[in-house]
Amino acid sequence: MTLLKVEDLHTHFISRDLDNQICIAKALNGVSFSLEAGRVLGIVGETGAGKSLTAQSIVGLLRPPAKIVAGSVRFEGRELTDMPDAELNRIRGNNIAMVVQNPRTSLDPLTRVGDQLVRLHQIHSGGPKTASHKRALEMMEAVGLPDPESRAKSWPHELSGGMAQRVLLAMALMNSPKLLIADEPTTGLDVTVQAQILDLLRSLVARFDMATLIITHDLGVVAHFCNDIAVMFGGSIVETGSVRDVFAAPAHPYTRNLIAATPERFQMGRAKALGGQPPDLYNLPSGCVLQSRCAYATELCQTTVRNAEVAEGHFALCHYAGRLEEQPAVKINA
């Protein structure tokens, strides 16, 4: 069953320059994907690709000058983009949960950890405080926090980075969401703690049977944690498919570049750096957004784009998807 369906989503930043002329940064351009119950989708791409903005657009956390100007976001068949705030708040609290980057800035420094979880549960459940307290302890135990009773009395500054991230996961689970959005859930954590958090997240997804959208820079996280992958560049999804298919046969030049830029495990070889710069969102080119950084670009790429199905369920936004070997590569400026 399709739980979340995003279709042709366009999110722009609309402002005015010093001459009072309207400036539009086209940050998301026609983003489309779907997520089924129980599946894990990883959105990956370089900084500025639009990953976090996609998540914020889905759950309605945009602030001016950001604005959805076109497209649809449907959750369980219900349109979210034009839903009243009060109704959207109920869905966000009960059915969609989000774990954001940097847990230390997400917790209230003036409120004990347990009280924050209890308050969140009461807002959405309306039940007695004793039931909310019991639920908070259950979720703290579920995410592996030792001695939940004592930890609930801690202040946020008393937590390590890994503990703070576990508290955020406990918050996300308080109301048994159907969809969990995790935006760079291991940012700022050391490598050992990152692995612990990812293992924990994997076990929680299986235990609670949640659909999960994970946003990350790390292809290793996607390879070992996700069922499906969406590769973003310049506000567009340039390749989608199962993790197995995309990693085995990447069809878009940008996906190939990302994989080539990943250090190979247990080898001494150097990763291949990605050349060029992200596109200017105020002046996006016609045609393919990658054309200035693509070794395979032709005149056709300067005017049009093509969403090609290279295998069942595997799509790439490229005229030459699946046939890059037939195209003569040319050297481009790094």
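The values are calculated or read from the model by the stated rules, or taken from the named source; none is laboratory data. What you are looking at is a predicted structure, and each value in this text was computed from that prediction instead of being measured. Neighbour counts run over all protein chains shown; Cβ positions are idealised from the backbone, glycine included.
Some notes on this structure:
- Scope segment 218-246; condition modelled with pLDDT under 90 and either touching an Asp or Glu at 6+ places or on another chain (Cβ under 8 Å) or assigned to a strand (DSSP E or B) (or both); matching residues: none
- Residue list for segment 106-148, filter: part of a helix (DSSP H, G or I), among the aliphatic types (A, V, I, L, M) and touching a Leu at 6+ places or on another chain (Cβ under 8 Å): Val113, Ala136, Met139, Met140, Ala142
- Only one of the numbered conditions (1) on the phi < 0 side of the Ramachandran plot; (2) part of a strand (DSSP E or B); (3) surrounded by fewer than 16 Cβ atoms within 10 Å (Cβ to Cβ); (4) not aliphatic (A, V, I, L, M) is not met by Asp8, and that is (1).
- Just one of (1) farther than 20 Å from Thr216 by Cα; (2) touching a Gly at 6+ places or on another chain (Cβ under 8 Å) fails for Gly50. It is (1).
- Residue list for segment 275-325, filter: of a type in the set (A, V, I, L, M, F, W, C), in a loop (DSSP other than H, G, I, E, B) and more than 25 Å from Phe247 (Cα to Cα): Leu281, Leu284
- Single residue of segment 11-34 satisfying the filter (of a type in the set (D, E, K, R) and in a loop (DSSP other than H, G, I, E, B)) that is nearest to the chain's Cα centre (by Cα): Asp17
- Selection from segment 74-94 of residues that are within 17 Å of Ala55 (Cβ to Cβ), part of a helix (DSSP H, G or I) and in contact (Cβ under 8 Å) with a residue 40 or more places away in the chain: Gly93
- Meets criteria (surrounded by 16 or more Cβ atoms within 10 Å (Cβ to Cβ) and on the phi < 0 side of the Ramachandran plot) for Leu80: yes
- Arg16 being basic (Lys, Arg) and without any contact (Cβ under 8 Å) to a residue 12 or more places away in the chain: yes
- Note on segment 304-333: among residues that are surrounded by fewer than 13 Cβ atoms within 10 Å (Cβ to Cβ) and either polar (S, T, N, Q) or closer than 17 Å to Phe233 by Cα (or both), the one that is modelled with the lowest pLDDT is Asn333.
- Residues (under 13 Å from the mean Cα position of the chain (by Cα) and in a strand (DSSP E or B)) located in segment 35-62: Leu35, Val40, Leu41, Gly42, Ile43, Val44
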